[in-house]
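The structure appears below as structure tokens.
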Amino acid sequence: MILLDRVTKTYNKSMGPALDRISLHVEPKEFVIVVGQSGAGKTTLLRLLTREERPTSGKIIIGGIDYDKLKDKDIPLLRRRVGTVFQDFKLLPNKTVFENIAFALEIVGMGNREIKHTVPKVIDIVNLKGKEKNMPLELSGGERQRVAIARAIVRQPKILIADEPTGNLDPKHAWDVIRILEKINKYGTTVLLTTHNQEIVNKLKRRVVTIQHGKIASDRANATYKLER
């Protein structure tokens, strides 16, 4: 599902590589947590996976798509297969919950009838029934993040990348979001979660990939993690 083979990314030769010959294999339907201090290379890794950046060297294959052969015109197709959720929600403030989620389908040309059929199902998955007509500012932070997740999964991507999705949330809302990610994973979506939240990592006991100084320092199943100070 996700394969990186000796991938290096260098932005500035004088500063050394942001990622240094990393190799990683994630199976379909896995739930993998990526941890590491700020500046370790986590964001670079995610930018490579979503093709916002290209590697300096090495090979990336996602869902059978070889990034070496990926043309620019095919990047929108890739991003339908790879959903992304960010720390800061990125919702459209002048659209309702329903409209924010529907927008992801409108831009790929889905008809109104299919949108009206699909969006309520996703709203139900993220436990936001009854909030369809609310505007983003009428929601809590946790609810806004769940709208962002719904928008990311409404096109049924094979992979969901969640980049610090609980970073701005209090513990209760953070766990609401994590439970939704677990539910999506149970439905068969591969989930890649980055987080600084030590409690979440240790309670989930999933596979944990630790990045330090641009390299994979450890890759362990059912792992716990102690954040270095």
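The values are calculated or read from the model by the stated rules, or taken from the named source; none is laboratory data. Computed from a prediction, not measured in an experiment: that's the story for all the values here. Cβ coordinates were reconstructed from backbone atoms using ideal geometry, including for glycine residues, and neighbour counts include every protein chain displayed.
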Original post:
In the list 177, 154, which residue meets the criterion of being β-branched (Val, Ile, Thr), over 17 Å from residue 33 (Cα atoms) and within 14 Å of the chain's Cα centre (by Cα)?
Top reply: 154
**OP:** Please find, within segment 85-109, the residue that is nearest to the chain's Cα centre (by Cα) out of those that are at pLDDT below 90 and not polar (S, T, N, Q).
**Re:** 86
**OP:** State which residue pairs qualify: first residue surrounded by 14 or more Cβ atoms within 10 Å (Cβ to Cβ) and inside segment 99-125, second residue polar (S, T, N, Q) and assigned to a helix (DSSP H, G or I) in any location, beta carbons under 7 Å apart, and separation of 6 or more residues or different chains.
**Re:** 105/118
**OP:** Looking for whichever is outside any helix (DSSP H, G or I), over 27 Å from residue 169 (Cβ atoms) and touching a helix residue (DSSP H, G or I) at 6+ places or on another chain (Cβ under 8 Å) here; the options are 6, 51. Which one fits?
**Re:** 51
Subject >> Contacts under 8 angstrom Cβ, first residue in segment 2-17 being over 21 Å from residue 50 (Cβ atoms), partner assigned to a loop (DSSP other than H, G, I, E, B), 6 or more apart >> reply: 16/10; 16/214
**OP:** Specify which of the listed residues (95, 133, 121, 129) is of a type in the set (Lys, Arg), part of a helix (DSSP H, G or I) and out of contact with any strand residue (DSSP E or B) (no Cβ under 6 Å at 6 or more places or on another chain).
**Re:** 121
**OP:** Considering each residue of segment 64-92, count those that are under 23 Å from residue 166 (Cα atoms) and assigned to a loop (DSSP other than H, G, I, E, B), and give that number.
**Re:** 7
Original post:
Across segment 6-19, which residue is nearest to residue 218 (Cα to Cα) among those that are surrounded by fewer than 17 Cβ atoms within 10 Å (Cβ to Cβ) and touching a strand residue (DSSP E or B) at 6+ places or on another chain (Cβ under 7 Å)?
Top reply: 6
Original post:
Of the residues in segment 9-48, how many are touching a helix residue (DSSP H, G or I) at 6+ places or on another chain (Cβ under 9 Å) and among the charged types (D, E, K, R)?
Top reply: 3
Original post:
Could you say whether any residue in segment 92-103 is within 23 Å of residue 62 (Cβ to Cβ) and touching a helix residue (DSSP H, G or I) at 6+ places or on another chain (Cβ under 7 Å)?
Top reply: no
**OP:** Select, from 26, 7, the only residue that is under 16 Å from the mean Cα position of the chain (by Cα), closer than 19 Å to residue 58 by Cα and at pLDDT 95 or above.
**Re:** 26
Original post:
So which residues in segment 50-60 are farther than 13 Å from residue 8 by Cα and either touching a His at 6+ places or on another chain (Cβ under 6 Å) or not hydroxyl-bearing (Ser, Thr, Tyr) (or both)?
Top reply: 51, 52
Original post:
If a residue has to be more than 14 Å from residue 92 (Cα to Cα) and of a type in the set (A, V, I, L, M, F, W, C) to count, how many in segment 132-157 make the cut?
Top reply: 2
**OP:** Go through segment 131-174 and give me each residue that's in contact with a Pro (Cβ under 9 Å, 6 or more places away or on another chain) and modelled with pLDDT under 90.
**Re:** none
